[in-house]
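Q: Here it is: the structure, laid out below.
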Amino acid sequence: MAKGPDPLHLAEVFGLDEKTAMRYADSALALLQQAAEQPSQ
């Protein structure tokens, strides 16, 4: 996910409903943001 989660790509590649793909993409974005906020160990 070099440019962030793309719901349309997820829907196409994995055959997901668009709403499901949007929820997955939102979750992935939240995880990426959370990881970026964590201090390096």
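The values are calculated or read from the model by the stated rules, or taken from the named source; none is laboratory data. These figures come from a predicted structure and were not determined experimentally. Using ideal geometry, Cβ is built from the backbone for each residue, glycine included, and neighbour counts are taken over all protein chains shown.
Q: Test each condition in (1) at pLDDT below 90; (2) loosely packed, with under 12 Cβ neighbours inside 10 Å; (3) more than 9 Å from the chain's Cα centre (by Cα) for residue 4 and report the one that comes out false.
A: All conditions pass for residue 4, except number (3).
Q: Based on what the data block shows, is residue 35 outside any loop (DSSP other than H, G, I, E, B), surrounded by 10 or more Cβ atoms within 10 Å (Cβ to Cβ) and at pLDDT 85 or above?
A: It is false that residue 35 is outside any loop (DSSP other than H, G, I, E, B), surrounded by 10 or more Cβ atoms within 10 Å (Cβ to Cβ) and at pLDDT 85 or above.
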